[in-house]
Amino acid sequence: MDTLQGKVALVTGAASGIGAGTARALAARGVRLVLLDVAAEPLATVADELGALGVVADVRDLDAVQAAVDAGVERFGGIDLVLANAGIASYGSVLAVDPEDFRRVLEVNLLGVFHTVRAALPSVLERRGYILVVSSLAAFAAAAGYAAYGASKAGVEHFANTLRIEVASRGVDVGCAHMTWIDTPLLRDVHSDLPSSRRIQAEMPRPLRKTLPLQTCVDAFVAAFERRSPKVYVPRWVGVIGWLRALLTTRLGSRADNRMAAEFLPKIDAEVAALGRSTSARNAILDRPDPT
(Lines give C-alpha, C1' and ligand atoms only; values in the text may rest on other atoms or scores of the structure.)
Protein backbone atom coordinates (compact mmCIF):
# COMPACT_ATOMS: atom_id res chain seq x y z
CA MET A 1 0.00 0.00 0.00
CA ASP A 2 1.24 3.47 -0.91
CA THR A 3 2.12 5.24 2.34
CA LEU A 4 1.19 8.61 0.84
CA GLN A 5 -2.22 7.60 -0.51
CA GLY A 6 -5.00 9.62 1.10
CA LYS A 7 -2.70 12.01 2.98
CA VAL A 8 -3.28 15.77 2.92
CA ALA A 9 -0.35 18.05 2.09
CA LEU A 10 0.06 21.80 2.47
CA VAL A 11 2.46 23.26 -0.12
CA THR A 12 3.60 26.89 -0.21
CA GLY A 13 5.12 28.52 -3.26
CA ALA A 14 2.92 26.09 -5.18
CA ALA A 15 2.23 28.05 -8.38
CA SER A 16 5.51 27.17 -10.11
CA GLY A 17 8.91 25.56 -9.78
CA ILE A 18 9.62 23.09 -7.00
CA GLY A 19 6.27 23.70 -5.29
CA ALA A 20 4.19 22.99 -8.38
CA GLY A 21 6.37 20.06 -9.42
CA THR A 22 6.16 18.42 -6.01
CA ALA A 23 2.42 19.05 -5.83
CA ARG A 24 1.95 17.24 -9.15
CA ALA A 25 4.06 14.30 -7.99
CA LEU A 26 2.17 14.05 -4.70
CA ALA A 27 -1.18 14.26 -6.47
CA ALA A 28 -0.13 11.34 -8.67
CA ARG A 29 0.39 9.36 -5.45
CA GLY A 30 -3.13 10.08 -4.23
CA VAL A 31 -2.28 12.97 -1.91
CA ARG A 32 -4.91 15.68 -1.47
CA LEU A 33 -3.50 19.17 -1.66
CA VAL A 34 -3.80 22.61 -0.14
CA LEU A 35 -1.75 24.95 -2.33
CA LEU A 36 -0.64 28.47 -1.37
CA ASP A 37 0.96 31.19 -3.45
CA VAL A 38 0.70 34.94 -4.09
CA ALA A 39 0.43 34.45 -7.87
CA ALA A 40 -3.30 34.01 -8.37
CA GLU A 41 -3.54 32.95 -12.02
CA PRO A 42 -0.78 30.30 -12.13
CA LEU A 43 -1.93 29.00 -8.76
CA ALA A 44 -5.47 28.57 -10.07
CA THR A 45 -4.12 26.70 -13.10
CA VAL A 46 -2.17 24.22 -10.96
CA ALA A 47 -5.02 23.81 -8.45
CA ASP A 48 -7.57 23.16 -11.20
CA GLU A 49 -5.24 20.67 -12.88
CA LEU A 50 -4.79 18.70 -9.66
CA GLY A 51 -8.23 19.08 -8.13
CA ALA A 52 -6.57 20.85 -5.22
CA LEU A 53 -7.63 23.64 -2.91
CA GLY A 54 -5.73 26.70 -4.08
CA VAL A 55 -5.56 29.70 -1.75
CA VAL A 56 -3.96 33.02 -2.65
CA ALA A 57 -1.97 33.93 0.45
CA ASP A 58 1.26 35.74 1.28
CA VAL A 59 3.35 33.68 3.69
CA ARG A 60 4.47 36.93 5.33
CA ASP A 61 0.92 37.28 6.66
CA LEU A 62 0.26 34.79 9.46
CA ASP A 63 -3.48 35.47 9.47
CA ALA A 64 -3.69 34.75 5.73
CA VAL A 65 -1.74 31.51 6.10
CA GLN A 66 -3.87 30.48 9.07
CA ALA A 67 -7.04 31.11 7.08
CA ALA A 68 -5.70 28.93 4.26
CA VAL A 69 -4.80 26.13 6.66
CA ASP A 70 -8.22 26.38 8.29
CA ALA A 71 -9.87 26.10 4.88
CA GLY A 72 -7.79 23.02 4.13
CA VAL A 73 -8.67 21.40 7.44
CA GLU A 74 -12.35 22.14 6.88
CA ARG A 75 -12.27 20.62 3.39
CA PHE A 76 -10.05 17.59 3.99
CA GLY A 77 -10.25 17.00 7.73
CA GLY A 78 -6.64 17.86 8.58
CA ILE A 79 -3.06 18.32 7.40
CA ASP A 80 -0.60 15.40 7.38
CA LEU A 81 2.29 16.80 5.37
CA VAL A 82 3.80 20.27 4.96
CA LEU A 83 6.21 21.53 2.32
CA ALA A 84 7.39 24.98 3.46
CA ASN A 85 8.83 25.95 0.10
CA ALA A 86 7.99 29.58 -0.70
CA GLY A 87 11.18 31.53 -1.31
CA ILE A 88 12.66 34.49 -3.18
CA ALA A 89 16.09 36.10 -3.61
CA SER A 90 17.68 39.53 -3.73
CA TYR A 91 20.90 40.60 -5.45
CA GLY A 92 23.74 42.95 -4.71
CA SER A 93 26.39 43.51 -2.08
CA VAL A 94 25.46 44.50 1.47
CA LEU A 95 26.36 48.07 0.51
CA ALA A 96 24.36 48.08 -2.73
CA VAL A 97 21.25 45.93 -2.12
CA ASP A 98 17.94 47.73 -1.65
CA PRO A 99 17.15 47.41 2.09
CA GLU A 100 13.49 46.77 1.32
CA ASP A 101 14.37 43.88 -0.99
CA PHE A 102 16.71 42.50 1.67
CA ARG A 103 13.94 42.69 4.27
CA ARG A 104 11.43 41.08 1.92
CA VAL A 105 13.69 38.05 1.38
CA LEU A 106 14.01 37.48 5.12
CA GLU A 107 10.27 37.87 5.62
CA VAL A 108 9.29 35.45 2.85
CA ASN A 109 12.04 32.87 3.30
CA LEU A 110 12.33 32.78 7.10
CA LEU A 111 9.21 34.29 8.67
CA GLY A 112 7.16 32.65 5.93
CA VAL A 113 8.40 29.23 7.02
CA PHE A 114 7.57 30.02 10.65
CA HIS A 115 4.06 31.21 9.69
CA THR A 116 3.47 28.09 7.58
CA VAL A 117 4.57 25.74 10.34
CA ARG A 118 2.83 27.68 13.11
CA ALA A 119 -0.49 27.62 11.29
CA ALA A 120 -0.36 23.94 10.29
CA LEU A 121 1.34 22.46 13.36
CA PRO A 122 -1.73 21.75 15.52
CA SER A 123 -3.23 19.59 12.77
CA VAL A 124 0.10 17.96 11.93
CA LEU A 125 0.60 17.10 15.60
CA GLU A 126 -2.86 15.62 15.80
CA ARG A 127 -2.15 13.42 12.77
CA ARG A 128 1.49 12.68 13.69
CA GLY A 129 2.63 14.00 10.35
CA TYR A 130 5.79 15.23 8.64
CA ILE A 131 7.11 18.70 7.81
CA LEU A 132 9.72 19.39 5.12
CA VAL A 133 11.38 22.80 5.29
CA VAL A 134 13.25 23.99 2.21
CA SER A 135 16.71 25.42 2.87
CA SER A 136 19.58 25.45 0.35
CA LEU A 137 23.24 24.75 -0.23
CA ALA A 138 23.49 28.51 0.41
CA ALA A 139 23.00 27.74 4.12
CA PHE A 140 26.39 25.99 4.05
CA ALA A 141 28.41 28.13 1.64
CA ALA A 142 28.24 31.93 1.52
CA ALA A 143 28.08 33.71 -1.83
CA ALA A 144 28.99 37.38 -2.28
CA GLY A 145 26.02 39.41 -3.48
CA TYR A 146 23.40 37.12 -1.96
CA ALA A 147 23.61 37.82 1.77
CA ALA A 148 19.85 37.92 2.37
CA TYR A 149 19.21 34.61 0.63
CA GLY A 150 22.07 32.85 2.43
CA ALA A 151 21.13 34.29 5.82
CA SER A 152 17.49 33.29 5.39
CA LYS A 153 18.35 29.74 4.35
CA ALA A 154 20.79 29.32 7.23
CA GLY A 155 18.06 30.55 9.56
CA VAL A 156 15.58 28.13 8.03
CA GLU A 157 17.95 25.23 8.68
CA HIS A 158 18.33 26.16 12.34
CA PHE A 159 14.57 26.62 12.66
CA ALA A 160 13.97 23.13 11.23
CA ASN A 161 16.56 21.59 13.54
CA THR A 162 14.96 23.24 16.57
CA LEU A 163 11.46 22.26 15.49
CA ARG A 164 12.58 18.65 15.06
CA ILE A 165 13.69 18.54 18.70
CA GLU A 166 10.49 20.15 19.95
CA VAL A 167 8.06 17.78 18.23
CA ALA A 168 9.99 14.49 18.17
CA SER A 169 8.33 13.16 21.31
CA ARG A 170 4.89 13.92 19.84
CA GLY A 171 5.23 11.72 16.78
CA VAL A 172 6.00 14.42 14.21
CA ASP A 173 9.11 14.26 12.01
CA VAL A 174 10.82 17.29 10.48
CA GLY A 175 13.07 17.37 7.43
CA CYS A 176 15.33 20.07 6.06
CA ALA A 177 16.22 20.12 2.35
CA HIS A 178 19.44 21.51 0.90
CA MET A 179 19.77 21.75 -2.87
CA THR A 180 22.35 22.99 -5.32
CA TRP A 181 21.36 24.77 -8.57
CA ILE A 182 17.90 23.59 -9.64
CA ASP A 183 16.24 24.64 -12.89
CA THR A 184 13.52 26.84 -11.40
CA PRO A 185 11.99 30.23 -12.24
CA LEU A 186 14.03 31.73 -9.38
CA LEU A 187 17.34 30.64 -10.93
CA ARG A 188 16.22 31.69 -14.41
CA ASP A 189 15.30 35.13 -13.08
CA VAL A 190 18.73 35.56 -11.49
CA HIS A 191 20.52 34.51 -14.66
CA SER A 192 18.32 36.74 -16.80
CA ASP A 193 18.84 39.79 -14.59
CA LEU A 194 22.53 39.24 -13.84
CA PRO A 195 24.72 37.96 -16.69
CA SER A 196 27.60 37.78 -14.21
CA SER A 197 25.75 35.12 -12.22
CA ARG A 198 25.93 32.74 -15.16
CA ARG A 199 29.69 33.31 -15.45
CA ILE A 200 30.16 32.73 -11.72
CA GLN A 201 28.35 29.41 -11.93
CA ALA A 202 30.25 28.39 -15.06
CA GLU A 203 33.61 29.02 -13.35
CA MET A 204 32.81 26.90 -10.30
CA PRO A 205 34.51 23.51 -9.98
CA ARG A 206 32.60 20.50 -11.11
CA PRO A 207 30.05 19.34 -9.98
CA LEU A 208 29.22 22.71 -8.35
CA ARG A 209 28.55 24.35 -11.70
CA LYS A 210 25.87 21.90 -12.83
CA THR A 211 22.18 22.87 -12.86
CA LEU A 212 19.95 19.90 -12.08
CA PRO A 213 16.56 19.26 -13.66
CA LEU A 214 13.54 20.17 -11.56
CA GLN A 215 12.43 16.53 -11.52
CA THR A 216 15.58 15.50 -9.63
CA CYS A 217 14.54 17.73 -6.76
CA VAL A 218 10.90 16.67 -6.94
CA ASP A 219 11.85 13.00 -6.76
CA ALA A 220 14.03 13.65 -3.71
CA PHE A 221 11.24 15.54 -1.96
CA VAL A 222 8.65 12.83 -2.60
CA ALA A 223 11.10 10.23 -1.27
CA ALA A 224 11.57 12.40 1.82
CA PHE A 225 7.83 12.43 2.42
CA GLU A 226 7.74 8.65 2.11
CA ARG A 227 10.66 8.10 4.48
CA ARG A 228 10.04 11.09 6.77
CA SER A 229 13.69 11.99 6.23
CA PRO A 230 15.42 14.41 8.64
CA LYS A 231 17.92 15.57 5.98
CA VAL A 232 17.45 15.86 2.22
CA TYR A 233 20.41 16.66 -0.04
CA VAL A 234 19.98 17.28 -3.76
CA PRO A 235 22.28 15.83 -4.97
CA ARG A 236 23.74 13.75 -2.16
CA TRP A 237 27.18 15.40 -2.27
CA VAL A 238 25.59 18.59 -0.88
CA GLY A 239 25.69 16.85 2.48
CA VAL A 240 29.49 16.75 2.29
CA ILE A 241 29.52 20.55 1.94
CA GLY A 242 27.45 20.67 5.11
CA TRP A 243 30.09 18.67 6.94
CA LEU A 244 32.81 21.01 5.63
CA ARG A 245 31.08 24.30 6.34
CA ALA A 246 33.42 25.27 9.18
CA LEU A 247 36.39 24.89 6.83
CA LEU A 248 34.76 27.14 4.22
CA THR A 249 34.93 30.15 6.55
CA THR A 250 38.63 29.82 7.36
CA ARG A 251 41.21 31.93 5.53
CA LEU A 252 42.24 28.94 3.47
CA GLY A 253 38.70 27.82 2.71
CA SER A 254 37.49 31.27 1.72
CA ARG A 255 40.47 32.14 -0.50
CA ALA A 256 38.77 31.15 -3.77
CA ASP A 257 35.53 32.88 -2.74
CA ASN A 258 37.43 36.07 -1.96
CA ARG A 259 39.08 36.05 -5.37
CA MET A 260 35.77 35.48 -7.13
CA ALA A 261 34.09 38.23 -5.11
CA ALA A 262 36.83 40.70 -5.98
CA GLU A 263 36.28 39.97 -9.67
CA PHE A 264 32.52 39.62 -9.90
CA LEU A 265 30.90 41.60 -7.07
CA PRO A 266 31.50 45.00 -8.73
CA LYS A 267 29.93 43.61 -11.90
CA ILE A 268 26.91 42.32 -10.00
CA ASP A 269 26.44 45.69 -8.30
CA ALA A 270 26.70 47.46 -11.66
CA GLU A 271 24.07 45.11 -13.12
CA VAL A 272 21.78 45.69 -10.14
CA ALA A 273 22.18 49.46 -10.54
CA ALA A 274 21.32 49.20 -14.23
CA LEU A 275 18.21 47.15 -13.42
CA GLY A 276 17.01 49.70 -10.86
CA ARG A 277 15.99 46.86 -8.54
CA SER A 278 17.76 44.19 -6.53
CA THR A 279 15.21 41.41 -6.93
CA SER A 280 13.41 39.85 -9.87
CA ALA A 281 10.63 41.71 -11.65
CA ARG A 282 8.17 39.08 -10.39
CA ASN A 283 9.20 39.61 -6.78
CA ALA A 284 9.22 43.39 -7.06
CA ILE A 285 5.41 43.39 -7.24
CA LEU A 286 4.92 41.41 -4.01
CA ASP A 287 3.93 44.48 -2.00
CA ARG A 288 1.29 45.63 -4.47
CA PRO A 289 -2.32 45.24 -3.29
CA ASP A 290 -3.16 42.45 -5.78
CA PRO A 291 -0.02 40.63 -6.96
CA THR A 292 -0.46 38.27 -9.93
Item to check | Whole-number accessible area per residue in Å² for region 50-199, which is evaluated in the context of all protein chains at 1.4 Å | outcome: 39 Å²
Item to check | Alpha carbon centroid spacing (whole Å) that separates region 10-85 from region 123-165 | outcome: 19 Å
Checklist entry - Just LEU111, LEU186, LEU244 to compare: in a GNM of the chain, with alpha carbon springs under 10 Å, which one fluctuates most? => result LEU244
Checklist outcome for this item: The size of the Cβ-based charge dipole (Lys, Arg +1; Asp, Glu -1) of region 70-118 about the Cα centre, to the nearest 20 debye, is 80 debye
Checklist entry - At a 1.4 Å probe radius, carbon and sulfur cover how many percent of the accessible area of region 200-292? => result 59 percent
Checklist entry - What FRET efficiency, computed as 1/(1 + (r/R0)^6) with R0 = 22 Å and r the Cβ-Cβ distance, is obtained for LYS267 and TRP237, rounded to the nearest 0.05? => result 0.20
Checklist entry - Against the longest principal axis of the chain, how steep is helix 40-50, in degrees 0 to 90 to the nearest 10, with axes from Cα atoms? => result 50 degrees
Checklist entry - With the chain treated as a Gaussian network of Cα nodes joined by springs under 10 Å, which of ILE182, ILE241, ILE131 yields the largest mean-square fluctuation? => result ILE241
Checklist entry - If you take the charge dipole of region 217-285 about its Cα centre, with +1 on Lys and Arg Cβ and -1 on Asp and Glu Cβ, which of ALA223, PRO266, ALA281 is farthest toward its positive end? => result ALA223
Next on the checklist: For HIS115, HIS158, give me the order by solvent-accessible area with a 1.4 Å probe, most accessible first, ignoring ligands, DNA and RNA.
Outcome noted: HIS158, HIS115
Checklist entry - Is the shape of region 27-177 rounded, prolate or oblate, going by the alpha carbon gyration tensor and its root eigenvalues a ≥ b ≥ c, with a/c under 1.5 for rounded and a/b larger than b/c for prolate? => result oblate
Checklist entry - In whole percent, how big is the carbon plus sulfur part of the accessible area of region 124-173, probe 1.4 Å, protein atoms only? => result 54 percent
Checklist entry - When the accessible area of region 1-102 is computed with all protein chains present and a 1.4 Å probe, what percentage of it is carbon and sulfur? => result 54 percent
Checklist entry - R0 = 22 Å: FRET efficiency of GLN66 with LEU275, Cβ-based, nearest 0.05? => result 0.05
Checklist entry - Looking only at GLY239, GLY175, GLY253, which one moves most when the chain is put into a Gaussian network model with springs between Cα atoms under 10 Å? => result GLY253
Item to check | Computed E for GLU126/LEU208 - FRET, C-beta separation, R0 30 angstrom, nearest 0.05 | outcome: 0.10
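Summing -39500 (n - 2.57) over the DSSP H runs of n ≥ 4 in the chain and dividing by its residue number, what mean residue ellipticity at 222 nm do you reach, to the nearest 500 deg cm²/dmol?
-15500 deg cm²/dmol
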Item to check | Rounded to the nearest 20 debye, dipole of the chain from Cβ charges on Lys, Arg, Asp, Glu | outcome: 1200 debye
Item to check | Solvent exposure ordering (accessible area, 1.4 Å, most first) of LYS7, LYS210 | outcome: LYS210, LYS7
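The values are calculated or read from the model by the stated rules, or taken from the named source; none is laboratory data. All figures in this text were calculated on a predicted structure; none of them were measured in a lab. Please note: Cβ atoms are built from the backbone with ideal geometry, for glycine as well, and neighbour counts cover all protein chains shown. The accessibility values were calculated without ligands, DNA or RNA, using every heavy atom of the protein model including side chains. Shrake-Rupley method; radii C 1.70, N 1.55, O 1.52, S 1.80 Å.
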